[in-house]
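First the structure, in the form of structure tokens, and then the observations on it.
The values are calculated or read from the model by the stated rules, or taken from the named source; none is laboratory data. No experiment lies behind these values; they were computed from the predicted model shown. Cβ: placed from backbone, ideal geometry, glycine included. Neighbour counts: every protein chain shown. SASA here: full protein model, heavy atoms, side chains in, ligands and nucleic acids out. Shrake-Rupley method; radii C 1.70, N 1.55, O 1.52, S 1.80 Å.
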Amino acid sequence: MAELTHTLDSEVLEEIVRRIDTSSADRRDIFLVVFNPTPRRRDEIVSATVDFPLEWEVSSFRIFDHAGREVPLQELSAVEDKATFQRPNELPLRLPVRRHTIYIRADDLPAMGYRLYRIQAGKGYQHRHGSMVTAPGTIENAHLRLSVNGDGSIDLLHKPTGKLFRRLNHFMDISELGDPWTGRHSQEERAVLSLGRPAEIEIIEDGPLA
């Protein structure tokens, strides 16, 4: 049933996308459709992949919403790959592309609806300024400040209320014997805590959106 529902969802969404009028677009424009399946309007940071044919030689791009306003984005990676296209009654076509993984800020998504975003390809160096890192091991925005301690635990400050939560995200490990129906512990049980143990800390992603 789950597989059937997923297939039906995909076919319905594809049919909606096919009916969107993009006749006024430039031939190098690419469109991104963001659906909101919930019964309320929402703002969301959306992860997406965007493929540009290698022959276009695209080195920068901008994203605009339905009202023509530029949308903030954060680029995570750009790699060469091959995209698969297939029309009904045709064999698949493999097209060399540069695949960009991005975050965009999608505001005011309509309940049970969608927003259409136009991606404008260009050339020139792509500037994506912005960072949430404010000090070694510390990130923050207007609402939260998160500091990572040397053992990997986290101190989290909620700025509007001034509440500080200390040593979050630490781990405790104990033994487990038996099977899914019968669980036991070792006769010489000893809990192992990550608190006070050295941890490796590194930045995996950093930008204005995530």
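Summary of computed values
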| item | result |
| --- | --- |
| Test: residue in the stretch 100-113 that is over 18 Å from the mean Cα position of the chain (by Cα) and of a type in the set (Asp, Glu) | no |
| Test: residue in the stretch 34-47 that is touching a residue at least 24 places away in the same chain (Cβ under 8 Å), under 13 Å from Arg118 (Cβ atoms) and not charged (D, E, K, R) | yes |
| Residue satisfying condition, being farther than 28 Å from Ala78 by Cβ, surrounded by 12 or more Cβ atoms within 10 Å (Cβ to Cβ), at pLDDT below 90 and among the charged types (D, E, K, R), within set Asp9, Asp21 | Asp9 |
| Checking Gly196 against (1) open to solvent by less than 80 Å² (accessible area, probe 1.4 Å); (2) at positive phi; (3) touching an Asp or Glu at 6+ places or on another chain (Cβ under 9 Å); (4) free of Cβ contacts under 8 Å to residues at least 40 places away in the same chain, the condition it does not meet | (4) |
| Residue match in the stretch 114-121 (condition: of a type in the set (Gly, Ala, Ser), surrounded by 11 or more Cβ atoms within 10 Å (Cβ to Cβ) and touching a residue at least 40 places away in the same chain (Cβ under 8 Å)) | yes |
| Residue check for Asp65: touching a Lys or Arg at 6+ places or on another chain (Cβ under 8 Å), of a type in the set (Asp, Glu) and surrounded by 17 or more Cβ atoms within 10 Å (Cβ to Cβ) | yes |
| Candidate set: the stretch 99-113, residues that are open to solvent by 30 Å² or more (accessible area, probe 1.4 Å) and more than 29 Å from Ala78 (Cβ to Cβ); chosen: the one modelled with the highest pLDDT | Ala111 |
| Wholly within the stretch 1-112, strands (runs of 3 or more DSSP E) carrying at least 3 residues that are among the basic types (Lys, Arg) | 93-109 |
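Conditions tested, residue by residue: (1) modelled with pLDDT of 95 or more; (2) open to solvent by less than 40 Å² (accessible area, probe 1.4 Å); (3) within 22 Å of the chain's Cα centre (by Cα); (4) farther than 25 Å from Asp43 by Cβ.
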| residue | (1), (2), (3), (4) |
| --- | --- |
| Arg69 | no, no, yes, no |
| Leu95 | no, no, no, yes |
| Gln126 | no, yes, yes, no |
| Asn149 | yes, no, no, yes |
| Leu157 | yes, yes, no, no |
